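Read the structure below first, then the notes.
The values are calculated or read from the model by the stated rules, or taken from the named source; none is laboratory data. Quick caveat: nothing in here was measured; it's all calculated off a predicted structure. Cβ atoms come from the backbone with ideal geometry, glycine included; neighbour counts cover every protein chain shown. To get the accessible areas, we keep the full protein, side chains included, count just its heavy atoms, and leave off ligands, DNA and RNA. Shrake-Rupley method; radii C 1.70, N 1.55, O 1.52, S 1.80 Å.
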Amino acid sequence: MSKQAGKPSSISLQSTKLSDLFQQSPAFICTLHGPEHVFELANNRYLQLVGFRDVVGQPVAKALPEVVDQGFIKLLDTVYQTGKPFIGNEIVVSLQREKGAPLEERYVNFIYQAMKDEQDKVFGIFVHGVDVTDQVLIRKQIEESERKLQESENRFKKYTEAMPQMAFMADAKGNITFFNERWYEFVGGLEDTEGWGWKDKPIHHPDDLQKAIDRWSHSLETGEPYEIEYRLRRHDGEYRWHLGRALPVTDDSGKILQWLGTNTDIHEQKLAIQHKDDFLAIASHELKTPVTSIKAYTQVLERNFRNRGDDKTANTLERVNAQIDKLTNLIGDLLDVTKIQSGKLVFHRDYFDSNALIEEIVEEVVLSADTHQIEKELDETVRIFGDRDRIGQVLTNLLTNAIKYSPDAKKVVVATKIKKEYLEISVQDFGIGIPQEKQAEVFKQFFRVTDDGQSAFPGLGLGLYISSEIVRRSGGKIWVESTVGSGSIFYFTLPLEK
Ligand code: ADP
């Protein structure tokens, strides 16, 4: 403060406009008088800072006892004695801001400025500053999370160098910021694969590149884990199958900070699975032909014996025939599964009449299972666009299951209902039912409810899996409602023509 005419007092300040400015200032301000630093003036902000205590007229040490041990009185003494200002930056002060409450830490930027009279003698101290706690805390939080991130980054990098897999790190925008040594060994020192550079290098198999870009972009947008199988080109030119995976690292608010990922060589496993699938596909295909001709021969034989009046042999042959049908179905199921897995289940779509198909299938099923009556509760017929044979296969499967799993019942009900945008088809039985927790599982491959008594029902657990695949590909849904002991209703829907 410069030389002033006389010693300023609260009276003179209050009598001017200065007093308003002083009160409304966004900064905290107070004046301290004498070597004991007695509060003369304190504006609202200052009072707010110290918890609205009655400070005016009291020395600092008495008004704010908690600050004595924090070095502030010493600082004030020095300023008072030397006349030199003290500037504090982000100084922590612990204050009793509420009676009885624990001390609260505030961060403040402030100045202690000596007030001097005409003889240049210090008579007091002008205190002026701002509470920067919020900014400091936010900054500290950011610094802390940056530090943590850096730490986890370093740990990850160190870790990855010991790993047999290729590993990478990417920022929230998907730019690769790090590849471990394994990567460079594999790609053979290709430069500029970081960032999105990998996209333009001959690394991904041309048939897999777009899929990789799409999946990666999808994960970046949604935060969903990245998981993909693709072929990566080794330095010697060989493409090898890899499982690519990445997980997001988020801050406390869930914001994605970075991605950590790996590429694992799964070439051998992939080929082994491929071989198994190929084997199943070839074996079931090759089995189909002889079984079909065996069936034709037994039918001829059955007819011949029947014509000759040898009913006993003919009846035996009829049973053989029924077994051959089962075998044919099993082979068909296996073939379908291999087709689904290799994405080769072909659909031949055309228009067909819903009720005509149902009547036809029911008739067929009744022929081979005369233990049950099949009741029909059909809504009006509708035109469906889809693969008639495949949808017929779903219906056959649901009906044969209904019969198979209700050995003590006499009937099965097939019903249709026209809903707004789809046709709902249901098959109800009054059999053993399926426990609640297994109901979603029955549509999975090879799943069979292994309750006691289940061994009485042979099967591979493929029918519903194939059915659900067909329904899904037809644009519909399939589900089941069931109660153990009273029976099940399987439903599926087919979209209606608009
Ligand atoms: P599979 O009948 O050849 O075992 P599915 O895929 O057709 O194979 O059925 C899977 C499993 O679901 C069956 O093993 C059976 O446990 C259960 N399941 C299917 N349909 C019914 C039904 N109508 N009632 C009770 N359980 C059923």
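Here are a few things to note about the model shown:
- Considered as a group, the residues in the range 195-206 that are free of Cβ contacts under 8 Å to residues at least 24 places away in the same chain and not basic (Lys, Arg) include one that is surrounded by the most Cβ atoms within 10 Å (Cβ to Cβ), and that residue is TRP198.
- Any hit, the range 63-74, residues being in contact with a Phe, Trp or Tyr (Cβ under 6 Å, 6 or more places away or on another chain) and open to solvent by 20 Å² or more (accessible area, probe 1.4 Å): no
- Residues of the range 123-153 satisfying the condition of being among the charged types (D, E, K, R) and either over 24 Å from PHE39 (Cα atoms) or free of Cβ contacts under 8 Å to residues at least 40 places away in the same chain (or both): ASP134, ARG139, LYS140, GLU143, GLU144, GLU146, ARG147, LYS148, GLU151, GLU153
- Within the range 146-193, the set of residues being among the acidic types (Asp, Glu) and either touching a Pro at 6+ places or on another chain (Cβ under 8 Å) or open to solvent by 80 Å² or more (accessible area, probe 1.4 Å) (or both) comprises GLU146, GLU151, GLU181, GLU185, GLU191, ASP192.
- Each residue in the range 355-372 was checked for being assigned to a helix (DSSP H, G or I), closer than 19 Å to LYS410 by Cβ and open to solvent by 90 Å² or more (accessible area, probe 1.4 Å), and 3 pass.
- In the set (1) open to solvent by less than 60 Å² (accessible area, probe 1.4 Å); (2) within 37 Å of the chain's Cα centre (by Cα); (3) more than 14 Å from the ligand (Cβ to nearest atom); (4) of a type outside the set (S, T, N, Q), LYS438 fails one condition alone, (3).
- Some residue of the range 201-219 being at pLDDT below 90 and either within 20 Å of GLN274 (Cα to Cα) or of a type outside the set (Ser, Thr, Tyr) (or both): yes
- Selection from the range 240-249 of residues that are open to solvent by less than 70 Å² (accessible area, probe 1.4 Å) and either out of contact with any Leu (no Cβ under 7 Å at 6 or more places or on another chain) or under 13 Å from PRO225 (Cα atoms) (or both): TRP241, LEU243, GLY244, ALA246, PRO248, VAL249
- Number of the condition not met by SER426 [criteria: (1) at pLDDT 95 or above; (2) over 24 Å from GLY332 (Cα atoms); (3) within 15 Å of the ligand (Cβ to nearest atom); (4) not aromatic (Phe, Trp, Tyr)]: (2)
- Candidate set: the range 442-471, residues that are part of a helix (DSSP H, G or I) and within 8 Å of the ligand (Cβ to nearest atom); chosen: the one modelled with the lowest pLDDT: GLN454
- Flag if ASP310 is acidic (Asp, Glu) and under 30 Å from GLU364 (Cα atoms): yes
- Pairs with Cβ under 6 Å, 6+ apart, first in the range 323-335 and assigned to a helix (DSSP H, G or I), second within 14 Å of the ligand (Cβ to nearest atom): ASP333/LEU462
- Subset of the range 374-417 (residues that are β-branched (Val, Ile, Thr), open to solvent by 50 Å² or more (accessible area, probe 1.4 Å) and within 11 Å of the ligand (Cβ to nearest atom)): THR400
Quick grid of which residues meet (1) part of a helix (DSSP H, G or I); (2) closer than 23 Å to LEU243 by Cβ:
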residue: GLU144; (1), (2): yes, no
residue: LYS148; (1), (2): yes, no
residue: LYS157; (1), (2): yes, yes
residue: MET163; (1), (2): no, yes
residue: GLY174; (1), (2): no, yes
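- All of (1) without any contact (Cβ under 8 Å) to a residue 24 or more places away in the chain; (2) more than 30 Å from ILE273 (Cβ to Cβ); (3) open to solvent by 30 Å² or more (accessible area, probe 1.4 Å) hold for ALA314 with one exception: (3).
- Of all residues making up the range 254-299, the number that are open to solvent by less than 70 Å² (accessible area, probe 1.4 Å), hydrophobic (A, V, I, L, M, F, W, C) and either under 21 Å from LEU327 (Cβ atoms) or in contact (Cβ under 8 Å) with a residue 60 or more places away in the chain (or both): 9
- Cβ separations smaller than 6 Å between residues 6+ apart or across chains give the following pairs from the range 436-447 residues that are within 17 Å of TYR405 (Cβ to Cβ) to residues that are β-branched (Val, Ile, Thr) and surrounded by 15 or more Cβ atoms within 10 Å (Cβ to Cβ): LYS438/VAL449; GLN439/VAL480.
- Here LYS420 clears all of (1) within 9 Å of the ligand (Cβ to nearest atom); (2) open to solvent by 50 Å² or more (accessible area, probe 1.4 Å); (3) part of a loop (DSSP other than H, G, I, E, B) except the condition numbered (1).
- The residues on offer are GLU380, GLU375, and the sole one that is of a type outside the set (Ser, Thr, Tyr), within 16 Å of ALA356 (Cβ to Cβ) and out of contact with any Cys (no Cβ under 9 Å at 6 or more places or on another chain) is GLU380.
- GLY485 near the ligand (Cβ under 9 Å from one of its atoms), over 23 Å from ASP333 (Cβ atoms) and out of contact with any Asp or Glu (no Cβ under 8 Å at 6 or more places or on another chain): no
- Flag for LYS201 being out of contact with any Pro (no Cβ under 9 Å at 6 or more places or on another chain) and within 16 Å of ASN263 (Cβ to Cβ): yes
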